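The values are calculated or read from the model by the stated rules, or taken from the named source; none is laboratory data. As the structure is a computational prediction, the values presented were derived from the model and not from experiment. No Cβ is skipped: glycine too gets one built from the backbone with ideal geometry, and neighbour counts run over all protein chains shown.
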Amino acid sequence: MSDKPSDNDLEKGNPFDLLGLDPRMSPRELTEVLRQRAERALPEERAQLQGLWRKLTLKESERIKFALLAHPRGSRQGAQKLDALREKVPPFLSRKKLEPLTPTALDALVSPSDAAQRELPIAPPANFPTSQDHD
Amino acid sequence: MKIWTQHHAALLDALRAERYIPPLYRRLSRERYEADDEEWRRLSDWPSLLRKEAGWKVIEPVLEQPDAWPAAWHQATEAGWTTTAEHHHALLFGRLADRFIADEEYEHALWSWTESWRAWKAVLSTDYMRQLLSDVAPLDEDEDEEARARISESHDAILLELLDHRIQARVHTLRVCLSLDDEARSVEVIDRRGLRFGWNALLLLGEQLREIDEARDPNGTLRRIRRQSNSAREQVATEVIARFERMIEAVDLADAPSSEVLLPFEWIAEVFDIIGYTEYAVTTAVTKAVEICWRMRKMGREDRTDDLPKILQLITPFNKDLFRRLEAGTSFGHNSKCADFLVFQGEPLTDHDARLEIFERAVQISPGHRNASMLLSYEHLQVTRAALGRAKLMLATMRHIPGNTKHEQTLKEAYDALAMARHHYPPNERIPDYQEQLEAEAARLGVDLSKWEERTTSENDEDKEP
């Protein structure tokens, strides 16, 4: 059985959904985002991006239709693949403080090969230098 | 250094999407479909949003339990979704409905269709939608009030047009199921399942949007959608009736085989049995049936074929519905056609009680209907004749038996039936004969008929009291 295609097409080929973009973006914002993507895209992808950009920006009524039939977005970043997102995440840095190192006699049993290391005291000096000594 | 960046949030959303979209999509598609890449892209923000909703506590524990669905979903819906979530649902269920329709899984299609409109109902005419429209197409602050109102109206019109597409898609489906899209195509093959789905989809939409007042729907969007769904059904029903009329006009009663004569009636009977009777349908079907019955009688086709009783049988549900409408006062102006139909139905009956009942109904719905009144008058004369026949077997001496009133009761029965025969059709030429027989029996059995006449007269007078 055939069905009337119009709204189906609007939903299926919805540029907002295809690009994972926030439907609330203005034409200017859309142009900027798509321009940035196009710069990084392969030639064939660039042509596709241009086509979608045209769909979104040529006619305001069309953009409104696409926006109303697009899934709401939590952020303006757009949906991206997991791997791409993982790469963007900076390495994890823990703020947890490490236990202070306190050398003991046991440490002396493992003799460091480095001569400089060997000169290190095996226990803290009895009298730490005061701040005045540094000055 | 900033520890939690927007990339972290996006990654978390994506991980949640990976975890929750497959089971959610599978459950909501009634275990029929898996989410493909496109669906993943569309729904990527949805799970993170759902996790913050009241309904999540209901569905999350049963995500991997197909048997708990769709009950769990309905329960979660009762707990309430935010409008943003409902916007996701309106779109998702709309796509699922389209997919089910394409696969002819109409039961699931109807569920998805209903869920989609339930969600749209929760979204439309809300601050969320107004805000979305205002974000998507901000009104120019420099424009005057009138221009801003005009632009706002045009935005509403765009929204309405989008939703109307879904209604028109159902109309299109219905037209295909009924072969209305192609005049040259025979109507013999009806896609019954598709027809039932398409019709019920529009019917349920109308029901869902019933009793919405202005406060709930200040822009009137929901009420306009309801009107569109109702008029879409009317449009299809009207097209069916128009096609039915054209089919009848094309039939040549002189030569056409029975199959050709009966086809329009078989078709309309089947269609409206599925979609339910409308006033226009019942009045047209009954009128056309009566017209064609008269023509068949005049042309002698009634004697050559058994088309007439078959047409009556096919259209009986329509006439029953018309009778109910006329009786309830929800329809008027077709009383005589309804009575005509009952007369055609009653004529071939041989059982007196059945004939009496059907002609009484005809006269009840169309008082003074000539044929129905005449036939009813004759049925009452049958009662008179039977009573007189019993009276004639009684001995004249019975009247002297103390306490015996049987002869009087029998004559009263004959008297009343004769009065009814006269009441319904005074020109009935058999009445004087039965009147004569009644008087003769009354004289023989010593019963004074005048006492009943007085009573009847006084009863009639009482009836006339305001």
Go through region B:1-26 and report how many residues are within 10 Å of chain A (Cβ to nearest Cβ) and under 26 Å from B:L96 (Cα atoms). 5
How about region B:187-241: which of its residues are in contact (Cβ under 8 Å) with a residue 24 or more places away in the chain and in contact with a Cys (Cβ under 7 Å, 6 or more places away or on another chain)? B:I190, B:G194, B:L195, B:G198
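To keep it simple, each residue is scored yes or no on (1) buried (at least 19 other Cβ atoms within 10 Å of the Cβ); (2) in contact (Cβ under 8 Å) with a residue 12 or more places away in the chain.
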| site | (1), (2) |
| --- | --- |
| B:H108 | yes, yes |
| B:E115 | yes, yes |
| B:T126 | no, yes |
| B:Q131 | no, no |
| B:D140 | no, no |
| B:A149 | no, no |
Kindly check whether there is at least one residue in region B:396-403 that is part of a loop (DSSP other than H, G, I, E, B), under 30 Å from B:T283 (Cα atoms) and of a type outside the set (D, E). no
Go through B:A54, B:A17, B:A10 for me and flag whichever is in a loop (DSSP other than H, G, I, E, B) and touching a helix residue (DSSP H, G or I) at 6+ places or on another chain (Cβ under 9 Å). B:A54
Filtered residues of region B:39-52 (kept if within 11 Å of chain A (Cβ to nearest Cβ) and either modelled with pLDDT of 95 or more or loosely packed, with under 15 Cβ neighbours inside 10 Å (or both)): B:K52
For region B:298-355, give me the residue count where each residue is outside any helix (DSSP H, G or I) and crowded, with 18+ Cβ neighbours inside 10 Å. 2
Pairs with Cβ under 6 Å, 6+ apart, first in region A:21-43 and closer than 21 Å to A:H71 by Cα, second exposed (fewer than 15 other Cβ atoms within 10 Å of the Cβ): A:D22/A:R76; A:R24/B:D135
Exposed (fewer than 12 other Cβ atoms within 10 Å of the Cβ), at pLDDT 65 or above and either in a helix (DSSP H, G or I) or more than 8 Å from chain B (Cβ to nearest Cβ) (or both), is that true of A:E39? yes
Residue list for region A:56-75, filter: over 23 Å from B:H89 (Cα atoms) and either within 14 Å of chain B (Cβ to nearest Cβ) or modelled with pLDDT of 90 or more (or both): A:L56, A:T57, A:K59, A:E60, A:S61
Scanning region B:386-419 residue by residue, those touching a residue at least 40 places away in the same chain (Cβ under 8 Å) and surrounded by fewer than 20 Cβ atoms within 10 Å (Cβ to Cβ) turn out to be B:K392, B:M394, B:A396, B:M398, B:R399, B:K412
Limited to region B:181-211, what total is found for residues that are over 17 Å from B:T114 (Cα atoms) and touching a Lys or Arg at 6+ places or on another chain (Cβ under 6 Å)? 1
Inside region B:21-46, can you point out the residues that are aromatic (F, W, Y) and part of a helix (DSSP H, G or I)? B:Y25, B:W40, B:W46
Report, by residue number, each residue of region B:420-432 that is buried (at least 16 other Cβ atoms within 10 Å of the Cβ), without any contact (Cβ under 8 Å) to a residue 60 or more places away in the chain and not in a loop (DSSP other than H, G, I, E, B). B:M420, B:A421, B:R422, B:I431
The one condition in (1) at pLDDT below 85; (2) small (G, A, S); (3) surrounded by 12 or more Cβ atoms within 10 Å (Cβ to Cβ) that A:S94 fails to fulfil: (3)
If you check B:W81, B:W73, B:W69, which single one turns out to be within 34 Å of the chain's Cα centre (by Cα), within 13 Å of another protein chain (Cβ to nearest Cβ), touching a residue at least 12 places away in the same chain (Cβ under 8 Å) and under 27 Å from B:Y106 (Cβ atoms)? B:W81
